[in-house]
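Here is the structure we will look at.
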Amino acid sequence: MKVNPEVSVIVPIYNEEMSIQEFSSELKKQLDSLKVSYEVIYINDGSTDRTQELIDSLTWSQLRKFEFQSNAGHMYALEVGYAKSQGKLIITIDSDLQHPPNYIKKLIERQKNTGADVVYGIRDSREEDRRFKRWSAASYYFLMRKLSGINIRTNAADFRLITKFVRDILVNLEEENKVYRLLIPSLNFKEAAIYFKADTRKYGKSKYGIKKMGMLAISSVLNFSIKPLRWAIWIGLLVVTLSLFWLSFILIAQINGWLIQGWASLIGAIILFSGVQLLILGVLGQYIGQIYVGAKKRPRYILKNFNDK
């Protein structure tokens, strides 16, 4: 295997004993046909079935194998893969055969033709998914665009190509919990895309169930948005405004003798102080949010050309 290959392919794997051999055969065939030097990095994310045994049985000189002690999660597998990769172009692909390996050639061609730093593989549809899966995926991308302000492409998951330039920036970021689906587009690299039709899942079921999708959404919000903190300010202002209107109404009603004594003024006071508390919490949260953003040490800008002559 060449020390600095042209292409690195990173494959996170979790409990794929039914598909790993078929996937590996297809991936090797497609990569060999490219006639370029390459490496393949398998990250076994703590599989509990025979996946590692089957990986160890593969005869493939370009294959590098890594195994987690226990299941750490898809994003950590990608993080290790990026750190271990040596290629000029780095491609991430799932091992469940829904990301067709024959599209790797198109990813590379698209990068060569456009000079893009990132090339996304985007599903042209999700017809093969169940209705709930389609709805939850659409909701995730819509929510992330609204909350984060990042122009994340719908159905652009983790089938993508990045250059070594992008890889070096990602690896050197010091922040924890890197959600690459949002992190990469948030850095505003030059982008391109190809569209592919996902193959029907042959074996097993999706590893992203309701729980993991929910955790991904929560992690995405916490890592890329402080808007919920700002909502507390606006909600507090709204509640304070409404309480002032209510108290004004009580005062007018009191003067005109319209109200039953006691409860109306009490409710008004409760609403007013609740609004003030929300407002103060929102302001405190905003300051904490600024500390949180600064602690991530995410780059404010990226210099692509370091030649200052």
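Odds and ends about this structure:
- Meets criteria (touching a residue at least 60 places away in the same chain (Cβ under 8 Å) and among the acidic types (Asp, Glu)) for Glu26: yes
- From the options Glu79, Glu174, residue that is within 15 Å of the chain's Cα centre (by Cα), under 20 Å from Asn223 (Cα atoms) and acidic (Asp, Glu): Glu79
- Looking across the range 226-253 at every residue that is aromatic (Phe, Trp, Tyr) and within 28 Å of the chain's Cα centre (by Cα), the one that is surrounded by the most Cβ atoms within 10 Å (Cβ to Cβ) is identified as Trp231.
- Within the range 76-106, the set of residues being more than 21 Å from Val179 (Cβ to Cβ) and aliphatic (A, V, I, L, M) comprises Leu89, Leu97, Ile104.
- Complete set of residues in the range 168-184 that are buried (at least 20 other Cβ atoms within 10 Å of the Cβ) and at pLDDT 90 or above: Ile184
- Flag if Trp231 is farther than 19 Å from Asp94 by Cβ, among the aromatic types (Phe, Trp, Tyr) and at pLDDT below 70: no
- Meeting the requirement of 3 or more residues that are exposed (fewer than 14 other Cβ atoms within 10 Å of the Cβ), the helices (runs of 4 or more DSSP H) wholly within the range 63-159 are 104-114, 131-148.
- Per this entry, Ile55 is counted among residues that are over 15 Å from Pro100 (Cα atoms), touching a residue at least 40 places away in the same chain (Cβ under 8 Å) and part of a helix (DSSP H, G or I).
- Taking the listed residues Ile260, Ile250, the one that is in contact with a helix residue (DSSP H, G or I) (Cβ under 7 Å, 6 or more places away or on another chain), more than 30 Å from Arg160 (Cβ to Cβ) and either of a type outside the set (Gly, Ala, Ser) or modelled with pLDDT of 75 or more (or both) is Ile250, with no other qualifying.
The values are calculated or read from the model by the stated rules, or taken from the named source; none is laboratory data. Everything quoted here is computed from the prediction, not taken from an experiment. All Cβ positions, even for glycine, are placed from backbone atoms using ideal geometry, and neighbour counts span all protein chains on display.
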